[in-house]
Amino acid sequence: MEPPQDVFGRTFVEVMSEKYSPENFPVRRGPGIGVVVVPITCPQGSPMKDRLNLPSILVLTGCGINRAGDQAEIAAFCAHVIELDLSHNKLQDWQEISKIVSNIPNLEFLNLSSNPLGGVTLEPRWAECFSRVRRLVFNNTQVSWDTLLLLTRETTELEELFLCLNEYSSVSASSMACPSLRLLHITDNSLKDWAEVRKFGSMFPSLDTLIMANNNLASIEDSTDILLRLFPKLRSINLNNSGLNRWEDIEKLNFFPRLEEVRLQGIPLLQTYTNTEQRSLMVAQLPSISLLNGSVVTDSEREDAERFFIRYHLDYPEEQLPYRYHSLVTKYGKLEPLAEIDLRPRCRAEVEVHCEEKVEQLSIRLDQTVAELKKQLTTVVQLSTSSMRIYYIDKCSAFGPEEMKYKTRALHSYSIQDGDEILVVPKTKLKAGVQLPK
């Protein structure tokens, strides 16, 4: 018995014809946006049917593809395709990949993530077909850096490059820059040394966005002069979960002349600060940043953060004060510490309890109800709760006693203060016409 065909992988053409065959669509679609219905005259034995419902964005992930198949059929059906997702397949031969790409003339986006490309050599003649691609995704492929250098030389219109989860601990510089690249996404690798990051500056001089989260980058080591020239167009940088642990590294971000967005969550430097302190200190350290960790920095937030920064460092020795502190003192002056005001609601009050000729000091809980206060008073005035009426007397108010008649009302709603009075009157006295104090 012959083994199943897909044990050895499948062709791009086979998978495409199966997925987009009219038999897989209960209602046949006509031509429309992103869809081409192509009549076909194929040689005998072709896997193609009479026509295909083929969109301009092809997603063929996890299909066991390891080779191209008939190039003429790829060219016939894919002339309009602009995006191709081949992630999680078995492609490990650049020649087969080039057969696919070379026959899709309008291809702008190619995703080869999670294909086993480690240790596979790309010959220059196979790289030429990538020249029109603008976005390349090689996440979790272990594609070699030499292969990437060859591709970036050939893809003269490349704008976005995704290289996550490839275990890069070092990179090699290129003798030829890739001036078209705007975004480099290289998270979840093993880049620790700033010297490796420095190479990106010469390789990608027009870089707008650098995403380096989850690399254990230890520090930013270059001088001011080098940093000013290194990434002249960098607008956004993501260093989440890096190894940065010095405020001096944060200050150095100010030397990227166009930087306006920064992400710095999960770094060792911030572990000892509260969330409020983290954001305020970061905003104050980065005066040109308009977006921090995805949130807009408003003018009022910046001023509050800068004032907080001054006060935060008031007790620091002169030799430990950061450079930013002196520039902010020049702007705002040396601020005094803020007064500490306790805005928490009062929990207790010391009141005078008056019952006929008897006066006693009593500490009462303000979170209890009138009914609960009456129970507390029974041991003080020797009356049952049903035989007393109680009144609140605010010593700072011109008004007379206020009867506390609603059993479920909380005491704090009366705004009781220390020194106020609680008047207890036996109901028998009220029937006798006793006058309350005014």
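What is the distance in Å between the Cα centroid of segment 103-154 and that of segment 182-197? Their Cα centres are 19 Å away from one another.
Computed from label points 7 Å out along Cα-Cβ, the spacing between Arg235 and Arg258 is 0.8 nm. For the chain, the 222 nm mean residue ellipticity estimated from helices alone, with every DSSP H stretch of n ≥ 4 adding -39500 (n - 2.57) and the total spread over all residues, rounds to -7000 deg cm²/dmol.
When 1/r is averaged over all different Cα pairs and the result inverted, which Kirkwood radius in Å belongs to segment 172-273? Let's see the in-between values first.
Numbers: mean 1/r = 0.0731 Å⁻¹.
Computed over segment 172-273, the radius equals 13.7 Å.
Ordering 401-413, 181-193 by mean Cβ neighbour count within 10 Å, with the highest value first, yields 181-193, 401-413.
Our coupling estimate for segment 236-253, obtained by passing each phi through the Karplus curve with A = 6.51, B = -1.76, C = 1.60 and θ = phi - 60°, is 9, 9, 10, 10, 4, 6, 8, x, 5, 9, 10, 5, 4, 5, 5, 4, 5, 4 Hz, Gly and Pro reported as x. Its Cα gyration tensor gives the chain an equivalent ellipsoid. The semi-axes, each the square root of 5 times an eigenvalue, are 73, 35, 17 Å from largest down. Pairwise Cα separations in segment 267-357 fall into 10 Å bins from 0 onward with the following percentages, short to long: 13, 37, 24, 9, 7, 6, 3, 0.
Report, for the chain, the % of DSSP beta bridges that are antiparallel, rounded to 5. It would help to have the intermediate numbers written out before the result.
Working: 25 of 57 bridges.
Here the antiparallel bridges make up roughly 45 percent for the chain.
Here the chain is assigned +1 on the Cβ of each Lys and Arg and -1 on the Cβ of each Asp and Glu. Its dipole about the Cα centre then comes out at about 1500 debye. For segment 348-426, the Cα gyration tensor yields ellipsoid semi-axes of 17, 14, 12 Å (square root of five times each eigenvalue, largest first, whole Å).
Listed by chain and number, the lysines whose alpha-carbon sits under 24 Å from that of Lys252, ignoring those within fewer than 8 places in the same chain, are Lys192, Lys199, Lys233, Lys331. A Förster radius of 41 Å, combined with the Cβ-Cβ distance separating Asp418 from Tyr332, puts the computed FRET efficiency at roughly 0.60.
Any read-out appearing in this document is the output of simple, stated calculations on the displayed coordinates, not a laboratory observation. In this text, all values refer to a predicted model and were calculated from it rather than measured experimentally. Neighbour counts are summed over all protein chains in view; Cβ atoms, including those assigned to glycine, are modelled from backbone coordinates with ideal geometry.
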